[in-house]
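Scroll down for the structure; my scribbles are underneath it.
Just so it is clear, none of the values below were taken in a lab; they were calculated from the coordinates. Given the structure is predicted, the values throughout are model-derived calculations rather than measurements. Glycine gets a Cβ as well: all are built from the backbone with ideal geometry, and neighbour counts include every protein chain shown.
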Number of protein chains: 6
Amino acid sequence: LAARENRKTVAQYDLIRSIEKVMLGPERKTHVLNKKEKEITAYHEAGHALVASVLPHTDPVHKISIISRGRAAGYTLKLPFEDKRMQSKKEFLDDIAMSLGGYIAEKTVFGDITTGPSNDLQVLTNLARNMVTRWGMSEKMGTIALEGEGGRALFGAGVEGAQYSQKVSADIDAEVKKIIDEAYEKAQNIITEHRKVLNAIANRLIEVETLERPEFEQLLIVHGIQPKRKEEVEVAPVTVNF
Amino acid sequence: LAARENRKTVAQYDLIRSIEKVMLGPERKTHVLNKKEKEITAYHEAGHALVASVLPHTDPVHKISIISRGRAAGYTLKLPFEDKRMQSKKEFLDDIAMSLGGYIAEKTVFGDITTGPSNDLQVLTNLARNMVTRWGMSEKMGTIALEGEGGRALFGAGVEGAQYSQKVSADIDAEVKKIIDEAYEKAQNIITEHRKVLNAIANRLIEVETLERPEFEQLLIVHGIQPKRKEEVEVAPVTVNF
Amino acid sequence: LAARENRKTVAQYDLIRSIEKVMLGPERKTHVLNKKEKEITAYHEAGHALVASVLPHTDPVHKISIISRGRAAGYTLKLPFEDKRMQSKKEFLDDIAMSLGGYIAEKTVFGDITTGPSNDLQVLTNLARNMVTRWGMSEKMGTIALEGEGGRALFGAGVEGAQYSQKVSADIDAEVKKIIDEAYEKAQNIITEHRKVLNAIANRLIEVETLERPEFEQLLIVHGIQPKRKEEVEVAPVTVNF
Amino acid sequence: LAARENRKTVAQYDLIRSIEKVMLGPERKTHVLNKKEKEITAYHEAGHALVASVLPHTDPVHKISIISRGRAAGYTLKLPFEDKRMQSKKEFLDDIAMSLGGYIAEKTVFGDITTGPSNDLQVLTNLARNMVTRWGMSEKMGTIALEGEGGRALFGAGVEGAQYSQKVSADIDAEVKKIIDEAYEKAQNIITEHRKVLNAIANRLIEVETLERPEFEQLLIVHGIQPKRKEEVEVAPVTVNF
Amino acid sequence: LAARENRKTVAQYDLIRSIEKVMLGPERKTHVLNKKEKEITAYHEAGHALVASVLPHTDPVHKISIISRGRAAGYTLKLPFEDKRMQSKKEFLDDIAMSLGGYIAEKTVFGDITTGPSNDLQVLTNLARNMVTRWGMSEKMGTIALEGEGGRALFGAGVEGAQYSQKVSADIDAEVKKIIDEAYEKAQNIITEHRKVLNAIANRLIEVETLERPEFEQLLIVHGIQPKRKEEVEVAPVTVNF
Amino acid sequence: LAARENRKTVAQYDLIRSIEKVMLGPERKTHVLNKKEKEITAYHEAGHALVASVLPHTDPVHKISIISRGRAAGYTLKLPFEDKRMQSKKEFLDDIAMSLGGYIAEKTVFGDITTGPSNDLQVLTNLARNMVTRWGMSEKMGTIALEGEGGRALFGAGVEGAQYSQKVSADIDAEVKKIIDEAYEKAQNIITEHRKVLNAIANRLIEVETLERPEFEQLLIVHGIQPKRKEEVEVAPVTVNF
């Protein structure tokens, strides 16, 4: 059993390496951050990792790094416990909160915001919008699909003059904002409550630049946060946050 | 007569097999769902089948399956009693309710919603919109055709600046929402009232993965629901729900 | 004179046959309607024919049929008494009412509506819109031409951002709806008042599938409706309703 | 001098003939109007000619005809006294009233409107709109040019999202309508006041089909309307009304 | 020094001749205006020249002509005292007033407006709009650039659905109108106050068709208006008004 | 160490020369400004340089020039202390204020505005808009990304009729204006308070046409403004203002 566990771990290790290369590009050793930027990036990634570890419907964190890769200054990598084909509203809500973790950490620690979280904001806005317009996950909009596959308008596709009324348009915007604002509050509470763990993760990252799962989970345990076990979480596909 | 009945059944059996292949693609034995996903899919399909069986203007259910085919995790298949060239407002309203059956079952049983019903929502929104804008089936909009064949705007086609006024635009949106909300309530009531049948169908599906018409109707009868007979239903073309 | 009359009738007979072929396509003997659909179609066509016969500014009905041709389940054919180059507001208003006759007959008799009248709704909406936007036939909009030949915007043609104001846009929509609603009431009154003739025409159609002008006019006379004579009607081009 | 006058008249006669051919197309002897249509057309053209003769800023009428040419059922032809390179607001206002003369004559005499005036409405709407948006001839809009040469937007030409505000858009629409409504009242008053001349012109047209300037002016004089002389009118380019 | 002055004048004379040819096209001796049109054009150009001479931030008038050139019936030509690379808000405001001088002169003298000023209106509207949307010259809009080089939208360029809000759109329209209305009042006051000079310039133009700078300035001095000297005006590029 | 310092300075000197050539084009010795324009340009550049020197989050000024280069009449050049990969909200706010320095200097000193600052306005509006729509730097809009990379709409990209509601559209416009207005006030206060330094810089520029960093900082020190040292400022990429 231990051997099988071991093989699985080796396979997973290889998987993570190839994900890093394909999704993020090669390491950029020459492209070093200055001291201040390194600090910001460390807190940003620590924010993602901390929120992901406290919320119940996200996948466990496998690696955190502040070594630049491609356009990303740093990244946090999660892996599900087993293959998953479906995602649910509760999982999406926690994913949005986790994506906001980097932005909130920057703001809380430095009282300033960089352009670093701009990709996070794009991803989470898109997700919130799909929840409202495609997946029937907003109580107010109900079970209407406003957009079809690939972002095509479901109705009015060929009709030049057919567009949402101002009312529906404003309802969509308000629901998207509401979803994001609620996730923001959830993530902000976690970062405020666990500020010491955030500092610990960030400081360790500045020191060693990359944290693998075992050391990361040890940090959590030391500060009283129990790492995720298979029983506690629903599986999800591999995801990376910058 | 029995022989003729038999031949008819054989022909129908072949028809269903080819519909499954063409409309859904081949079975995907390697693409297995995890335990939780299997459970969600079983309740989703049971929701469709139950609502279709209780409403008066839908075709009878011939098969329910949670074996993945193409992009669908599962499907429910209905067949009309005889060839049909026309469909009516009452049939469309029941079809919309039946399409919502999967979404409502997921929400009622698990208190969460997946992206599984997204195709259902697209189909039923499109249907409700056509009722309002093309077929004169909304009292409020009256006998105005707002869209022509293939989604082309009936009027203003070539006129860049000619579009519906905000008022008409908002009226369309409100009527579409009203049709869907009323169908939702109808379907929710059926699922609440017949929760035990829903559980029975879903559990049997998890066990055997595919339910053919005879066994499905036996389950209905056991729980006091009389299956559809020719006298009770108006015929409709073959339809499949995911 | 009788010979000339005869020749004229023969010529007209040929004309009608070629109109049927060109405008509707060949008969589709294999594409039979089921019993319920045949009934709906018979009442639908009877609705067109009855309204056309009672209103003063429509052409006389020459033939009614429920034999499927092309995409049409049935059709009603009218012919003007002589060549016509112009059409007037009064003729358009009666044409719109006549087009609604099929829809209203379905709804009155069966309490349900099929997609059958969708082409009627497109034609009459387009007509009502042209009255308002191109022909100065709406008191409220006055003698402004909002659209030019072929649906092109008369003003603002080349001006990307130049479109009707919300007010004008809403006024057009309201005037179009008003024209159609008034025609609806006119047609509904005829069908309610002459329900017995409607039944007689529909039942005879179910029996014989096609009614030529002499037999149709006999049915009208029996129920106290005087068929149109040259003196009573202004001529119009040949028109067919599905 | 008389010889010179004569030569001028001959030249003018040739000019009118070529204008008719080029602007209207050849006579269509085979394309005859029925009796009712002939009557409507005669009153329509008489309406144009009468209003043009009473208003002070239009060119004198040279010919009226109800012989079909190209797409026109009839036409009224005016010629200026001398070459003109400029047109003024007062001339445009009278031209709009004159264009409405045909529509108003139809409505006043028959209590119904045909599609005959649709080209008149397009021309006069376009003219009224240019007065408001290009030539600074609306007090309310002031000396702003909203559109440039050839209908191109003057400002915002390349700017996708730059369009008139709802307020300006509604102001334009209201000013265009106001100009047309005032011209309508002016033309309606002329036709009501001079109804006997209208009848006389129309009846003579039905008899002879074409009225040349001398006979037309004789009809005016008989009914107490003084034909235009050079001193009384500002010259304008050749124009034809259908 | 006198010789140098002389050479400069000769060079300037040649410059003006080539500007006339390139910007306006050749003289059109055959394309004569009628008596009334000549009068209107003379007052139109006199209006431009008078307003330009009274306002402090415009360049001095060098030539006025009512000989047709290209599409222009007449023109007024100004030259700056020295080369200029920048223009200011005060200069633009006076240029707009000067452009309105032709329109106002026509309206004041004849109580009617021709299409002659249409090019003036386009130029001044465009200028006023640029002041508001590109150059930060409207107090209300502030230092926001709403449009970039060449009329391209500065923001939202690639964003289909991103356009100004109704509020900003209405603010722009209102500010453009305010600038033009204030310039109108300024120009109207000048023309009312100096009506005698306007008459003198126009009458002399009808007599001689072209006024060069020395004679024009003599006319100003006679009526108590001091011509511009280098000390009093900021230089600007060569401009022509039609 | 001094040698290394020296080498660094030489390298920086070359860098600045090539930036000037590539970003601005060659010097245009023949394209001289007139006296008034030289004065305006000197104050414009002095405005940029002064505001940049007083605000805490901008890079230090390395060179100011009023020798025309390409389309720019003059320019102010800043260099960061070390390489920078990230920019923050506080830096952007100070950059916007610094960009407004030229406009405010012109207005304060001459009571008039030229088209000179038009490029500044474009750059700063674009920056303010990105802060609101892409980088989550507006409290009111929150952490919603309204636009993606390269100005593409993040949501609604493929959806013809999907655009921001009027409310969101107006909120964006209001937030952009608020950011710019606050930066304006900040810059205006600096220019009012340090008017004597502004005059000193502008006058020296008129004399020598180009100020290098040492002389510029000497001017600041004389007037009691301490030049930036490494400890006080966060680094930023090289930027030029016209």
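A few notes on this one:
- Sorted from nearest, the other copies put their residue F:14 label points 4.9, 4.9, 8.4, 8.5, 9.7 nm away, the label point being 7 Å from Cα in the direction of Cβ.
- Sorted from nearest, the other copies put their residue F:28 label points 3.6, 3.6, 6.2, 6.3, 7.2 nm away, the label point being 7 Å from Cα in the direction of Cβ.
- ³J(HN,Hα), Karplus 6.51/-1.76/1.60, whole Hz, each residue of segment B:183-191, x for Gly, Pro: 5, 4, 4, 4, 5, 4, 4, 4, 5
- Think of the axis that spins chain F onto E; the F residue whose C-beta lies nearest it, and the distance in whole Å, is F:166, 6.
- Whole-Å distance, taken between Cα centres, linking segment B:75-133 and segment E:179-206: 74
- Sequence-ordered 3J(HN,Hα) estimates for segment E:89-98 from the Karplus curve with 6.51, -1.76 and 1.60 and θ = phi - 60° stand at 3, 4, 5, 4, 4, 5, 4, 5, 4, 4 Hz, glycine and proline given as x.
- Under 5 Å between amide hydrogens, built in the peptide plane, is the criterion, and for residue D:146 it picks out D:134 among residues at least 5 positions away or on other chains.
- When residue F:218 is represented by a point 7 angstrom out along its Cα-to-C-beta vector, the spacings to that point in the other copies are 6.0, 6.0, 10.4, 10.5, 12.1 nm, nearest first.
- Relative to its Kirkwood radius, the Cα radius of gyration of segment B:53-115 gives an Rg/Rh of 1.01.
- From phi via Karplus (6.51, -1.76, 1.60), per-residue ³J(HN,Hα) for segment D:167-174 in Hz, x at Gly/Pro: 5, 5, 4, 5, 4, 4, 4, 5
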